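The values are calculated or read from the model by the stated rules, or taken from the named source; none is laboratory data. Nothing here was measured: the structure is a model prediction, and the numbers come from that model. Neighbour counts are summed over all protein chains in view; Cβ atoms, including those assigned to glycine, are modelled from backbone coordinates with ideal geometry.
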Amino acid sequence: MKISIFLVVLLAWSISALADDSNFSIHLYSKFQTKGCTTCHDFFEKKRKGIAFKSHKGYSPDTCVDCHTQDVTGFKHADEWFAQPGLYTSGMDPKQTCEAIKTALHSKFKNKEMVARQMELHLFEDPRVLWGIEGATPNSGMLPSGEKEKDLVKGGLTKWKDQVRAWIQGGMKCQ
């Protein structure tokens with residue numbers, strides 16, 4: 001009997017967690033772990049075997065624009081290609097990923113409205129983010145080799161924005 005009650009409570013909690021559109025771990029975490037995101041976020045991370053230590057080893061940042069041109073990336077300034085080091089990386093759990101995203105914006109020193117605006121600006125307009133979202137731009141996922149990264153954020157830009165807005169409006173909780 002006790003097991004049945006426990007299972008009912010667990011099931012009810014699980015259903016409510018899944019129904020909560022602001023739940024980072026359910027709706028956004030897996031998107032932040034696609035290759036479209038982690039390739040850049042892991043770039044300078046030696047312990048994550050970032051490509052700065054593999055195929056791009058020995059290259060100067062000045063040479064990035066030779067391959068990552070505006071035609072490939074769609075960026076107005078091709079030298080803005082890579083993510084700054086020390087942000088979230090692959091291998092983090094949902095809570096760590098969420099906290100790292102907020103820490104990168106220095107959110108504890110700002111009011112919630114400012115953090116929300118900056119979060120939306122970055123996640124909705126930054127060409128590096130849009131590159132990792134399937135169909136967000138004509139250049140989403142494009143690689144210098146003429147190939148395309150296949151592991152992008154699925155569902156398109158509208159779904160991405162809806163899920164990010166739900167998380168922001170839900171208080172950007174890291175559960």
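Go through Thr63, Thr39, Thr34 for me and flag whichever is in contact with a Leu (Cβ under 7 Å, 6 or more places away or on another chain) and not aliphatic (A, V, I, L, M). Walk me through how you get there before you give the answer.
On the way: Thr63 fails: in contact with a Leu (Cβ under 7 Å, 6 or more places away or on another chain); Thr39 fails: in contact with a Leu (Cβ under 7 Å, 6 or more places away or on another chain).
The match here is Thr34.
With respect to the conditions (1) in contact (Cβ under 8 Å) with a residue 24 or more places away in the chain; (2) more than 25 Å from His122 (Cβ to Cβ), Lys76 lacks only one, and its number is (2).
The residue that is farthest from Thr38 (Cα to Cα), counting only those in the range 94-113 that are without any contact (Cβ under 8 Å) to a residue 12 or more places away in the chain and surrounded by 13 or more Cβ atoms within 10 Å (Cβ to Cβ), is Lys110. Listed by first and then second residue, the pairs linking a residue in the range 136-147 that is over 22 Å from Asp162 (Cβ atoms) and small (Gly, Ala, Ser) to a residue that is surrounded by 13 or more Cβ atoms within 10 Å (Cβ to Cβ) and modelled with pLDDT under 90, with Cβ atoms under 9 Å apart and 6 or more places separating them unless they lie on different chains, are Ser145/Cys67; Gly146/Val72. Determine if the range 84-93 includes at least one residue that is farther than 28 Å from Gln175 by Cα, crowded, with 19+ Cβ neighbours inside 10 Å and touching a residue at least 40 places away in the same chain (Cβ under 8 Å). Looking for residues that are farther than 28 Å from Gln175 by Cα, crowded, with 19+ Cβ neighbours inside 10 Å and touching a residue at least 40 places away in the same chain (Cβ under 8 Å), one finds none in the range 84-93, hence no.
Checked against (1) within 24 Å of Thr73 (Cβ to Cβ); (2) surrounded by fewer than 18 Cβ atoms within 10 Å (Cβ to Cβ), Glu134 meets all criteria but (2).
Taking the range 125-175 as the region of interest, how many residues are under 21 Å from Lys112 (Cα atoms) and either touching a Cys at 6+ places or on another chain (Cβ under 7 Å) or not hydrophobic (A, V, I, L, M, F, W, C) (or both)? Write out each step before concluding.
Just the residues of the range 125-175 that are under 21 Å from Lys112 (Cα atoms), to begin with: 125-126, 160-175.
Applying the additional criterion that residues be either touching a Cys at 6+ places or on another chain (Cβ under 7 Å) or not hydrophobic (A, V, I, L, M, F, W, C) (or both) yields 125-126, 161-163, 165, 169-171, 173-175.
Within the range 125-175, residues that are under 21 Å from Lys112 (Cα atoms) and either touching a Cys at 6+ places or on another chain (Cβ under 7 Å) or not hydrophobic (A, V, I, L, M, F, W, C) (or both) number 12.
Picking from residues in the range 140-160 that are surrounded by fewer than 18 Cβ atoms within 10 Å (Cβ to Cβ) and touching a helix residue (DSSP H, G or I) at 6+ places or on another chain (Cβ under 6 Å), the one that is nearest to Asp21 (Cα to Cα) is Asp151. Per the listing Ser55, Ser22, the residue uniquely among the polar types (S, T, N, Q), assigned to a loop (DSSP other than H, G, I, E, B), surrounded by 11 or more Cβ atoms within 10 Å (Cβ to Cβ) and at pLDDT 70 or above is Ser22.
Determine if the range 33-47 includes at least one residue that is surrounded by fewer than 18 Cβ atoms within 10 Å (Cβ to Cβ), on the phi < 0 side of the Ramachandran plot, at pLDDT below 75 and among the charged types (D, E, K, R). Yes: the range 33-47 contains one or more residues that are surrounded by fewer than 18 Cβ atoms within 10 Å (Cβ to Cβ), on the phi < 0 side of the Ramachandran plot, at pLDDT below 75 and among the charged types (D, E, K, R). Would you confirm whether or not the range 62-72 contains a residue that is at pLDDT 75 or above, of a type in the set (A, V, I, L, M) and closer than 28 Å to Lys161 by Cβ? Yes, the range 62-72 has at least one match. When Ser107, Ser145 are checked against the criterion of being over 19 Å from Val65 (Cα atoms), over 16 Å from the mean Cα position of the chain (by Cα) and of a type in the set (Gly, Ala, Ser), Ser107 stands alone in meeting it.
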